[in-house]
Each structure stands twice: as C-alpha cells, then as structure tokens.
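**Student:** Handing you this structure, nothing more for now.
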Amino acid sequence: MQRNQRIQFTSSKIEDLMFRTTFNPKTMEGDVIVNLSLIDKQDFDDVLKIFSMAINSGLSVSPLLKILHEGDSIGDRKIGEGEVGFATVCSITIDGLLLKAGVMVKPRFGGLVEIRDGEPVRFTNVLTYQSTTIDPLEVLMSQELTSVMSMLKTGSGKILANLREAPMVARDVIDSTLADMVDAGINGILEVGEPNTRILDVPVERDHLGIVVIGGTNPMAIVQEHGIPIRTNAMSTLIDINKLSHINDLV
C-alpha cells in the first residue's frame, strides 16, 4: 500500500455511492450502483444460465445487467484477456434512492439469512460495514457459507442479504419509494419491519425500523456453489441504467 493511501471502510464507500446515485425510478434515467463479477470466457454459457435462473427466481436486485468482453472498460477497470465481466445492480442502489427521497437510511451490515420452507427466519452470520474494508457479502461468499441453490431446490437454505435502518416517521415515504422501485424493476426487498421491533431476530435502534434487502451477489454465490471460479467486486462503480439490458434479452 502506498504511504499516502488512506484506508476506506466499507461504510464510507457506501455513503459516497449513495450520494452519487442519480437514478429516478419514475423516468428510468440516471446512474445505479453495480457489482462487477469476472469469469473465464470458457464458463460464459454456464454462468449466463445460472444468472438467468437466479434473477428470474427473484434472487437479485434487478433483472438488468451489462455483459463486458475483453478490452471493455467500466469505471477504472478494464476486462482482461480471456475474461468476461457481468455488471449487475447492487442493493446499495436502494439506499441511494431512499436517500434521494429524503429518508436518512443507515446501512448496518451484510449477512446470511436462513430461509426455512420458503420463509426468512433469521440472520445467522453478520459483518458490519463499519468494521471492514471489504464488502461483507464478498467476505461471506469467500468462506463458502451460502446454500442458495439448496434454497431454490428445497425452500430451505442460506442466502446473502443486507440490513439497513430508517426512521419510523419516514414509513410512508419508504413505502411509496419502494413501490416506485418495484414498478421500475428494482426489487429485492426481503422484509420491512415494524417500528421498534426486531427484524429477522436482530434488534433495531429506538424509533427506527429495519429493512432487509436481498444481496445483489446471490447469483454469484450460486455460480461459486457450482464450482465455477468467479471474482466479484461488490459496489464496483456507477453506470447509466440505460446501458443495462434485461437478462431475458441476453440468454
């Protein structure tokens, strides 16, 4: 590390990206935050099928993505020889949209949520954004703790998700903004809690409510569960949403 390079905790990176999000769900214009995943070119067909299955099963933030090939650039990253990149919408985009609506949302942590018989039960492993310089979901993926494919097959397993808190007085604005997001194809809300009430077995701050969002890296977790090498850089950069395509137009 260079001597003048300062450590940036994930919480600071999230705040920066939230403020830079400009997407308007009503006009379908503006920039969204994306994750960048890299695979070997030879695995492209298999990975595209897995992404299609995961996204159409609701295990993503949005069905929109961009495929990048050798020599293509995104942000400050250039796709290398023999690689294919997938830019997919990151769940922090939702925080950016809530912020633009005037909701002071506070991302708390990323973790694993236990799903039992199709219903979310509780967080089992968590890592706070303030305690790491690496995205928590990247860390949990690297430990091979997910069982997303099992959840899809049997209704029970562990998936990646994030928890954020918001003031309870903003409940109406939250509901309205989330509805606009759904209309725009930005999904992934797993659960919205009641004020001053635990959500998935996690307590929330007084006069706040919890919002659990499905992690945008769940498709990548399934790829990894299939034994296919994939390198994911969560919260990679921002991109104009009109540069993304629907997954069903790509398979």
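The values are calculated or read from the model by the stated rules, or taken from the named source; none is laboratory data. Since the structure is predicted, the reported quantities are computational estimates derived from the model, not experimental observations. Positions of Cβ are generated from backbone atoms using ideal geometry, with glycine treated the same way; all protein chains shown enter the neighbour counts. We work out accessible area using only protein heavy atoms, side chains counted, and drop any ligands, DNA or RNA first. Shrake-Rupley method; radii C 1.70, N 1.55, O 1.52, S 1.80 Å.
**Student:** Is there a residue being open to solvent by 10 Å² or more (accessible area, probe 1.4 Å) and hydroxyl-bearing (Ser, Thr, Tyr) anywhere in the range 89-96?
**Tutor:** The answer is no; no qualifying residue exists.
**Student:** Residues being without any contact (Cβ under 8 Å) to a residue 60 or more places away in the chain and either hydrophobic (A, V, I, L, M, F, W, C) or out of contact with any helix residue (DSSP H, G or I) (no Cβ under 7 Å at 6 or more places or on another chain) (or both): count how many of those fall in the range 112-127.
**Tutor:** Qualifying residue count for the region: 9.
**Student:** If you don't mind, there's one more thing I want to ask. Among the residues of the range 28-68, which ones are assigned to a strand (DSSP E or B) and open to solvent by 70 Å² or more (accessible area, probe 1.4 Å)?
**Tutor:** Answer for the range 28-68, where residues must be assigned to a strand (DSSP E or B) and open to solvent by 70 Å² or more (accessible area, probe 1.4 Å): just GLU29.
**Student:** Same structure again: Please determine, by comparing only the residues of the range 69-94 that are hydroxyl-bearing (Ser, Thr, Tyr) and part of a strand (DSSP E or B), which one is nearest to ASN24 (Cα to Cα).
**Tutor:** THR88
**Student:** Would you check if LEU209 is part of a strand (DSSP E or B), without any contact (Cβ under 8 Å) to a residue 60 or more places away in the chain, within 27 Å of LYS26 (Cα to Cα) and open to solvent by less than 60 Å² (accessible area, probe 1.4 Å)?
**Tutor:** yes
**Student:** May I pose another question? Of the residues in the range 151-169, how many are among the hydroxyl-bearing types (Ser, Thr, Tyr) and at positive phi?
**Tutor:** 0
**Student:** Considering every residue within the range 231-251, establish whether at least one is assigned to a loop (DSSP other than H, G, I, E, B), touching a residue at least 12 places away in the same chain (Cβ under 8 Å) and open to solvent by less than 10 Å² (accessible area, probe 1.4 Å).
**Tutor:** no
**Student:** Now for a separate question. Which one of these is touching a strand residue (DSSP E or B) at 6+ places or on another chain (Cβ under 8 Å) and either over 21 Å from LEU140 (Cα atoms) or modelled with pLDDT of 95 or more (or both): ILE199, ILE189, ILE222?
**Tutor:** ILE199
**Student:** Being open to solvent by 10 Å² or more (accessible area, probe 1.4 Å) and hydrophobic (A, V, I, L, M, F, W, C) is the filter here, so list the residues in the range 162-199 that pass it.
**Tutor:** MET168, VAL169, ALA170, VAL173, LEU178, ALA179, VAL182, ALA184, ILE189, LEU190, VAL192
**Student:** Mind checking which residues of the range 135-161 are under 14 Å from the mean Cα position of the chain (by Cα) and either touching a residue at least 40 places away in the same chain (Cβ under 8 Å) or surrounded by fewer than 19 Cβ atoms within 10 Å (Cβ to Cβ) (or both)?
**Tutor:** Correct list: ASP135, PRO136, LEU137, GLU138, VAL139, MET141, ILE159, LEU160, ALA161.
**Student:** Let me ask something else. Tell me the residue from LEU127, LEU97, LEU137, LEU112 that is within 19 Å of GLN224 (Cβ to Cβ) and not in a strand (DSSP E or B), please.
**Tutor:** LEU137
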